[in-house]
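Structure first, then comments.
The values are calculated or read from the model by the stated rules, or taken from the named source; none is laboratory data. Quick caveat, the model's predicted, so the values are computed rather than measured. Neighbour counts are summed over all protein chains in view; Cβ atoms, including those assigned to glycine, are modelled from backbone coordinates with ideal geometry. The area values use the complete protein model at the heavy-atom level, side chains included, leaving out ligands, DNA and RNA. Shrake-Rupley method; radii C 1.70, N 1.55, O 1.52, S 1.80 Å.
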Amino acid sequence: MFIYWLILPIIVLFYLFFNKHNNLFIISSFLLLGIISAFRSSVVGSDTALYEFLFFNPKLLGDKSPIYTSYSEFLKLLSNNQHTITISNSILICTLFAIFFIRLKQKNIYSLYSIFLFVTMFFWGNSLCTSRQYVAMGLFVNGVLYLFQKKYIKFFVLALLSIGVHAISVVGVFVFLIFLMKQNKKSLLIFVILLISIILFYNKLLNLFVNIFSDYNMYTNGTNNLQISTSGAGAAIIYNSFIFIVFCLLIFLVYKNKIRLNHMEFSLLCIFSVFVILDLFMYNVVFLQRIFMFYSIFGVVVIPLLFSKIKKVLDFRIYYFFNGAFTITMLAYYYIQLSHDYIGIVPYILK
């Protein structure tokens, strides 16, 4: 577990060293994460050995991941070592997310905060297990930035590549609908109605998805009901409730103080709120947790964004107390994830 805790102070040191060079700080941080990911043993991450097995048997993925299959076949031309896919996925994931953070063009301190959340909200930790999905997510988040830049062709190209890597990426189509929303009461009402509809009919909607993408019937129990996870359910409720309360409080402070949000900021809030709201009700549905990652990942941007907005209007003592309490809680969450080791990444073992 020591190496996972060592990551955070090293990233802070990178921040201090590259204080005036934000891009170098981001590159150094993700280079560190990429190296640790790439040279882990096959037993680090509950699905790592499976992905290495699938590297030599890509057809077992079915025909719903043509891009990932072609990518695996190309890598086999370079090396027949099964660890090649682990190294390549690790480098690709960290490269894609480094590009994403660089393209955000945040101030240095908020880049540090975003990377801190990328680690403590356990996105990087989960990438050691579900690497194929994180390759898809890396493509997806970069595509979303192109969407906000109104570069629609690049958005759809990256979206299609993401779906070709992991079919579950198709759920990202909802992001395009959010992008079309305007900041008015009518749009927000429609958005809330859609979320309520998803809560009421999620079982039917997801079974429809499974029927179309039959490779995902592993998430059903054979009776058209989605698998329910009881592992860590109590902790999930606490964490989800905490994120919900913090998010709502930040939104309240923003709107109470009449802080203006541009279209991109407003859309990002709505994207993250899909996870914040729906996960309160469906925290233990295994398949949904995979889907929610495509929305929860934007929390690493939204939370620092909201803190930066309220900093201008709050008394500095209240602001730093609130921010500090949130930071300490995220460190506690990180500790709980590592100590319970739900995804098999502890202890860290070198290849």
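Per-structure values
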read-out	value
Set Phe39, Phe53, Phe25: member being touching a residue at least 12 places away in the same chain (Cβ under 8 Å), within 30 Å of Gln106 (Cβ to Cβ) and open to solvent by 50 Å² or more (accessible area, probe 1.4 Å)	Phe39
Residue list for the range 4-22, filter: open to solvent by 80 Å² or more (accessible area, probe 1.4 Å) and not in a helix (DSSP H, G or I)	Lys20, His21
All positions within the range 270-298 that are part of a helix (DSSP H, G or I), in contact with a helix residue (DSSP H, G or I) (Cβ under 6 Å, 6 or more places away or on another chain) and aliphatic (A, V, I, L, M)	Ile271, Val274, Val276, Ile277, Leu280, Val286, Ile291
Residue within the range 183-190 that is free of Cβ contacts under 8 Å to residues at least 24 places away in the same chain, open to solvent by 30 Å² or more (accessible area, probe 1.4 Å) and either in contact with a helix residue (DSSP H, G or I) (Cβ under 6 Å, 6 or more places away or on another chain) or of a type in the set (Lys, Arg) (or both) present	yes
Residue in the range 130-140 that is assigned to a helix (DSSP H, G or I), under 16 Å from Ser28 (Cβ atoms), out of contact with any Phe, Trp or Tyr (no Cβ under 9 Å at 6 or more places or on another chain) and of a type in the set (A, V, I, L, M) present	no
Enumeration of residues in the range 282-319 that are surrounded by fewer than 16 Cβ atoms within 10 Å (Cβ to Cβ) and at pLDDT below 90	Val286, Lys312
Which listed residue is in contact (Cβ under 8 Å) with a residue 60 or more places away in the chain, surrounded by fewer than 22 Cβ atoms within 10 Å (Cβ to Cβ) and among the aromatic types (Phe, Trp, Tyr), from Phe140, Phe101, Phe156, Phe123	Phe123
